[in-house]
Amino acid sequence: MTSELIINTTPWETRLALLENSSVAELHIERQAEKGYVGNIYKGRVVRVLPGMQAAFLDIGLCRTAFIYVTDVYDHLSEFEAMLGQAECAEDPNGCNCNEDDRIDYISTPFRIEDLLHEGQEILVQVIKEPIGTKGARVTSHISIPGRHLVLMPTIDQVGISRKIEDENERQRLKETIDSMRPKGYGFIARTACEGLGPKDIQTEMDFLLHLWENIQRKSAVAPIPSLVYEDLDITLRAIRDLFTGDVERLVVDSNEAHGRILAFVEAFAPHLRPKIELYTQTLPIFDAFGIEVEVSRVFEKKVWLKSGGYIVIESTEALTAIDVNTGKFVGKRHLEDTILKINLEAAREIAYQLRLRNIGGLIIIDFIDMENPASREEVFKTLKEALKKDKSKANILRMSELGLIQMTRKRNREDLNSILCEPCFYCEGMGYLKAKRTICYEIFRLIQRKSRQSKSNKIEIAVHPAIADMLLKEESQHVTTLEKYTGHEIIVVSKSAFHLEQYEITYL
């Protein structure tokens, strides 16, 4: 599978697309006015402790208070360290940290939040999940500082190896090498890019990360509360660090300034990648040249057509995302069960692709077309699970029920693409629907009935949207005449093209 990284940079926005076999697999967007916080380290203050939730709210200088769970509170206690499991890491394209679910496995803690934190307490924390919706950022005091090959975990005395390094001999070599080099009390995780790296290069990056952590500690000691102590790399350099792996054949960027920064970063940390970096100089916009702009426009669509003629519908609510599979135009050739199985299998692969592309997270319910054969249900489940292996965000999937439903969760660190690129409709207030034209007409009739008895005028002017005016003067003209007789008022309909469909004004002349 060929992979490419395409970066479109402007002063106001940076867009990054990961192409797999010329198709957009992932799309990441960072805007100067809406920069993310994941990976940033803040010096904050505890403003409220919630024993009932075993969590606390912190003021770290953002618009909304951040929150921290008891298992994310670092405490210098040997018993707490003893509870920690083996560190494993998976690469995370959405931020600087290794995946939250793949950090140290905090099985449980004997401590209570009120034993560890109190109101007014100073604390150094790192953002591990962006503010989403009305929720503030989620933070942890278990700091992690990623490099290209290693992740420094200064509060955890463990060595972990990326799950993507499958060779057991290489895993053992890396673990022994890192363990022999690391200072006592400091933990490290070997990332996927660390595979095959020699001791000298490992030591160089380890020294760099330790020096960076010392600088963060010094800055934190004198910084006011709240304040930003360390800001993570921007999306361009994060992509080099986290996504520009050996699988990527080339990186193409359309900005001279960004191209220079990328080369300088690569020279320092991965000089062997330099030949793969290209500067795009054509007049056609880079996302148009690679066919990405068309794909970006499709992420807004709720209905996604399948090649067979079936389709899926993606609907998101505050609680969950519901995905419905439909036969559409596909009628099959032989048996009904074979037809349904073929659509469900194709839908399973497309759903995995759409979840990754749109970065849909949280609880997801998939309603496949009902299948009577248990073997068919199992085949669809396995197909979905296999397709999700390409996704770097952790997913948990339950087997298909007899009703054809699959329940799953997908890790969410940041807003999905729809939330970044769209906002709730201020016309329908996020409902997704408008009142029917006939409903608006009858609403106007009732209002006229209610107020006409109080008016001494003999004419009523109704200013409405052109579509409403058309219905009043045509389909509802008989009812308008009846209303005139009932109220004793002449009704004049005025079309206003500037009006919203549901907007109207009634004036008694």
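The values are calculated or read from the model by the stated rules, or taken from the named source; none is laboratory data. Predicted model only: the values in this text are computed from it and were never measured. Neighbour counts run over all protein chains shown; Cβ positions are idealised from the backbone, glycine included.
State yes or no: is residue 409 modelled with pLDDT of 90 or more, in contact with a Gly (Cβ under 9 Å, 6 or more places away or on another chain) and either closer than 21 Å to residue 352 by Cβ or not assigned by TED's automatic domain parsing to the domain that holds residue 361 (or both)? When the stated conditions are applied, residue 409 passes them.
Scanning the stretch 344-390 for residues that are part of a strand (DSSP E or B) and either in the same structural domain as residue 129 (by TED's automatic domain parsing) or of a type outside the set (Val, Ile, Thr) (or both), we see that the one that is surrounded by the fewest Cβ atoms within 10 Å (Cβ to Cβ) is 363. Residue 292 passes every criterion in (1) exposed (fewer than 13 other Cβ atoms within 10 Å of the Cβ); (2) of a type outside the set (Ser, Thr, Tyr); (3) touching a strand residue (DSSP E or B) at 6+ places or on another chain (Cβ under 6 Å) apart from (1). State which residue is surrounded by the most Cβ atoms within 10 Å (Cβ to Cβ) when the search covers only the stretch 297-342 and only residues that are modelled with pLDDT under 85 and closer than 20 Å to residue 357 by Cβ. For the stretch 297-342, the residue satisfying everything is 299. Condition check: of a type in the set (Gly, Ala, Ser) and modelled with pLDDT under 90. Does residue 162 satisfy that? Yes; evaluated as a whole, the condition is true for this residue.
Listed by first and then second residue, the pairs with beta-carbon distance under 7 Å, at least 6 apart or on different chains, first residue in the stretch 349-362 and at positive phi, second assigned to a helix (DSSP H, G or I) and surrounded by fewer than 20 Cβ atoms within 10 Å (Cβ to Cβ), are 359/417.
Please go through the stretch 314-330 and pick out each residue that is within 19 Å of the chain's Cα centre (by Cα) and not in a loop (DSSP other than H, G, I, E, B).
Once the filter is applied, which keeps residues that are within 19 Å of the chain's Cα centre (by Cα) and not in a loop (DSSP other than H, G, I, E, B), the stretch 314-330 yields 314, 315, 316, 321, 322, 323.
Looking across the stretch 223-281, the residues that are part of a loop (DSSP other than H, G, I, E, B), farther than 18 Å from residue 30 by Cβ and at pLDDT 90 or above come down to 223, 224, 225, 226, 280, 281. Number of residues in the stretch 179-213 that are touching a Gly at 6+ places or on another chain (Cβ under 9 Å), at pLDDT 90 or above and in a helix (DSSP H, G or I) equals 4.
Listed by first and then second residue, the pairs linking a residue in the stretch 475-489 that is hydrophobic (A, V, I, L, M, F, W, C) to a residue that is in a helix (DSSP H, G or I) and surrounded by 11 or more Cβ atoms within 10 Å (Cβ to Cβ), with Cβ atoms under 8 Å apart and 6 or more places separating them unless they lie on different chains, are 480/472; 480/473; 483/445; 483/448; 483/449.
All conditions but one from (1) touching a helix residue (DSSP H, G or I) at 6+ places or on another chain (Cβ under 7 Å); (2) farther than 30 Å from residue 287 by Cα apply to residue 253; the one that does not is (2).
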